[in-house]
1. If GLY504 satisfies all but one of (1) part of a loop (DSSP other than H, G, I, E, B); (2) exposed (fewer than 15 other Cβ atoms within 10 Å of the Cβ), what's the number of the condition it fails?
2. Going by what's in this entry, would SER301 be described as open to solvent by less than 60 Å² (accessible area, probe 1.4 Å), of a type in the set (Ser, Thr, Tyr) and within 30 Å of LEU565 (Cβ to Cβ)?
3. Are any of the residues in region 70-86 more than 38 Å from the chain's Cα centre (by Cα) and of a type outside the set (Ser, Thr, Tyr)?
4. How about region 69-88: which of its residues are touching an Asp or Glu at 6+ places or on another chain (Cβ under 7 Å) and without any contact (Cβ under 8 Å) to a residue 60 or more places away in the chain?
5. If you take the residues in region 89-110 that are under 25 Å from the mean Cα position of the chain (by Cα) and either open to solvent by less than 20 Å² (accessible area, probe 1.4 Å) or without any contact (Cβ under 8 Å) to a residue 12 or more places away in the chain (or both), which one is nearest to ILE40 (Cα to Cα)?
6. What's the number of the only condition in (1) farther than 30 Å from GLU411 by Cβ; (2) in contact (Cβ under 8 Å) with a residue 60 or more places away in the chain; (3) open to solvent by less than 20 Å² (accessible area, probe 1.4 Å) that ASP477 fails to meet?
7. Does LEU64 satisfy being open to solvent by less than 50 Å² (accessible area, probe 1.4 Å), within 20 Å of ALA111 (Cα to Cα) and more than 33 Å from the chain's Cα centre (by Cα)?
8. Answer yes or no as to whether GLU570 is outside any helix (DSSP H, G or I), charged (D, E, K, R) and open to solvent by less than 60 Å² (accessible area, probe 1.4 Å).
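The values are calculated or read from the model by the stated rules, or taken from the named source; none is laboratory data. Note that this is a predicted model, so its numbers are computed, not measured. All Cβ positions, even for glycine, are placed from backbone atoms using ideal geometry, and neighbour counts span all protein chains on display. Just so you know, the surface numbers come from the protein's heavy atoms only, side chains and all, with ligands and any DNA or RNA stripped out. Shrake-Rupley method; radii C 1.70, N 1.55, O 1.52, S 1.80 Å.
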Amino acid sequence: MAVKSTLLPVLVSEGRLTQQQADQIIKDCDVRDIPVIQGIVETKLISSDDLANFCTEHFSLSLLNLDEFDLQEIPKNFLNEKLIKKFHALPVYLQGRTLYLALSDPTNLEALEEFGFSFGLHTEPFLVDELKLQKAIKILTDSVADQLNVSDGLTDEMSSVEGALDALSTDDSQDDANNQGAAVDTNSDDDAPVVKFINQMLLKAIQMGASDLHFEPYETKYRIRFRIDGILHQIATPPVNLKERFSARLKVMSRLDIAEKRLPQDGRIKLKIGPNKTMDMRVNSLPTLWGEKIVLRILDSSAAKLNIDQLGYNDVQKKQYLDALSKPQGLILVTGPTGSGKTVSLYTGLSILNDEETNISTAEDPVEINLYGINQVQMNPKAGLTFASALRAFLRQDPDVIMVGEIRDLETAEIAIKAAQTGHLVLSTLHTNSAAETLTRLLNMGVPSFNIASSCTLIMAQRLARRLCPKCKEVQDVSEQQMRAVGFTEEEIKEGIQLYGPVGCDACSSGYKGRVGVYEIMVMNDRIAEAIMNDANSIEINKIAVEQGMMTLRKSALEKAKLGLTSIAEVKRVTS
């Protein structure tokens, strides 16, 4: 359980529980994954009211009666359901820069710390009765969920945006429906609300800046979630009996086989969202226990046309990347987990190189964004078109620049390195946590160390941190101890750094709006090459790079926090 409590030892020492009873409560709470305070009350060894009075006297805290508290007065910006349920605490009042939390367990200090970090505020506890806290949390979280629920008819909410929905259409969607025959009649009276609702969800996702949409069936519920700035948010919970019609509609739109429900499928949707603008979506269906889960990835072609200055590099990092791109040959590797912005970094680099004098070919799986002037090849392993076979073909097509979507195996790595050594600039990605680990990953694949040392030009590890909303961010009170813990130096602390935290307003999502890149760029040089040849591990390589001026991911994130672009909580989240 996330909530850490030291209440049981206090109750044992005061004679309110025996050690045997305390041990059993801990065991039950671990099995059921519930807070210790809830486990104590459910045993009925101590009543909820009696326990609240004991804590009031023992810990010298004020007792707040939630039955007499107007829950409607709770500031809505702080009703983060995930935090509330995880730390079993409820934000009830904001006074200046202090957020007061209702806690039934006075030893639940982790809740105070996490709410403070998340919202950039000082936190203070109000002691409350456990059963009343459970009741208040249920009322408030159910209320938030009800606001997101969709009515059975699915028509009331949609009527207000009907004009916008008329502009939202899919190219040839009617033809798709006709091609499917009578299996799905998208013009029937029964399906009309479903069609409108799906269109509304797609439009809403684009308007909210979502990167992914998740349509998820469960035994008794159905939920729709959007990933916004890297975080999933529940948007709607339509009736579960509509799950088959939802999946059928989405599969028709993306040209998938609606009769095939046993195997995963991949497709695309092309949405016309204005007279001169379309939006592509990559679609994947996956059979789950209770139906087909369908995930849509929004492919915004404007992301590939970002100016390099918009990506978040500092001046040194920007110069390092541009210098590597300007070289006629060599291997540039971008690394990081899924969703860390690797594709945008690569596409931005390709856009810089894309001119009529340069022959650029890419091998991608899948091709996410179409780029004019670049020869993009979609991988098709079933037909024998793999990264390795595509690379071999590229080398017979007089290439200047080659981009490989991902180096997954030794064969692909060897061909990419050979191309980089024979007069071609090669860009690719790997899934590793740091720049130094990328080099050791290649070694572990079986690539000879001398080939790595002679071909790699630059390795860039990256993450995406949520950007603080410029309209509502506020100065955050962070102690020197907390600043040291996240990695600020004594010199930086003495400078009097001003840090900011999220607040939340109508223009943002929980105090954040958009994301900013966090980078760790390692430029290959003689010392690092020598270390690779001597079979150095990633820790040793990283140490050399830092000594030579490389900014680590954590330092890069802290730099963004110093500039007021992100919060300390985000620094910890993306670089932990």
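1. (2)
2. The answer is yes for SER301.
3. No, because not a single residue in region 70-86 is more than 38 Å from the chain's Cα centre (by Cα) and of a type outside the set (Ser, Thr, Tyr).
4. Hit for region 69-88 is LEU83, nothing else.
5. By that ranking, first place goes to ALA89.
6. Failing condition for ASP477: (3).
7. So LEU64 fits the description; yes.
8. Answer is no for this residue.
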